[in-house]
Amino acid sequence: MRLLELTSAEIAFLTAHPAAPDPLQARLTRKLAATLGARLRLPVQAAARVPVAAAAGGAPAAPDWQPDAALATLWLTCRLGGRRPGAAAPFVPRSLLRTLDTLLAECWLDTAVAPTLPPALAWHITTDPVPATLAVQLPAHTTDMTRWAREVIRHG
């Protein structure tokens, strides 16, 4: 049986970029809001935003999280039992980075088919005390991302 040639309309449909947001980022956004809300014991909303340009040094070997000072301070304050963040935290807590790594690894490994990997993802985090931003630079290749995710889950 011979297959029919595709029409130009069919070719355009198959090669068009999806109008919907990236499924990985959409799922990760929902999971990010739920996880941060549970860990901080605050209502948290996360909204995807356009990430800033990737670093000049090229893609990292593993995901590189970039939480802002507001999120680091909020994490430290709430995880230590405080209610209102005070002065800015001078560092990003390792527990926040481990939580974000686990979250990303689970979302990545839950996908049936490895999606195309964007160079970066970013979010605007809204909580009652303070707004915050979060970004992550991703590896260039899906195989690197899968290897990293399996390692995080294995040792998490």
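The values are calculated or read from the model by the stated rules, or taken from the named source; none is laboratory data. For clarity, every value in this text was computed on a predicted model and none was experimentally measured. Positions of Cβ are generated from backbone atoms using ideal geometry, with glycine treated the same way; all protein chains shown enter the neighbour counts. Calculation scope for accessible area: heavy atoms of the full protein, side chains included, ligands and nucleic acids excluded. Shrake-Rupley method; radii C 1.70, N 1.55, O 1.52, S 1.80 Å.
Structure notes:
- Counted charge near LEU138, where neighbours are those whose Cβ lies closer than 10 Å (Asp, Glu -1; Lys, Arg +1): -2
- In the context of the full set of protein chains, residues of the chain present 62 Å² of accessible surface per residue (probe radius 1.4 Å, heavy atoms only).
- A DSSP coil position with no more than 12 other Cβ atoms inside 10 Å describes the following trypsin sites (Lys or Arg not before Pro) in the range 70-117: ARG83.
- Report summary: the helix-based calculation at 222 nm, which adds -39500 (n - 2.57) for every DSSP H run with n ≥ 4 and divides by the residues of the chain, gives -14000 deg cm²/dmol.
- Helix 69-79 vs. the chain, principal-axis angle (Cα, 0 to 90°, nearest 10): 60
- Shown in residue order for the range 144-152 are the 3J(HN,Hα) couplings computed by the Karplus curve 6.51 cos²θ - 1.76 cosθ + 1.60 at θ = phi - 60°: 5, 5, 5, 4, 4, 4, 5, 5, 4 Hz (x for Gly and Pro).
- Acute angle (nearest 10 degrees) that the helix 23-40 long axis makes with the longest principal axis of the chain, alpha-carbon atoms: 20
- Of the solvent-accessible surface of the chain, computed with a 1.4 Å probe and all protein chains present, 60% belongs to carbon and sulfur.
- Stokes-Einstein D for the chain, Kirkwood Rh over Cα pairs, 10 °C, 1.306 mPa s (µm²/s): 92
- Neighbourhood charge, 14 Å Cβ-Cβ cut-off, centred on PRO63 and excluding it, Lys, Arg +1 and Asp, Glu -1: -2
- As a length-normalised measure over Cα pairs under 8 Å and 6 or more apart, the relative contact order of the chain settles at 30 percent.
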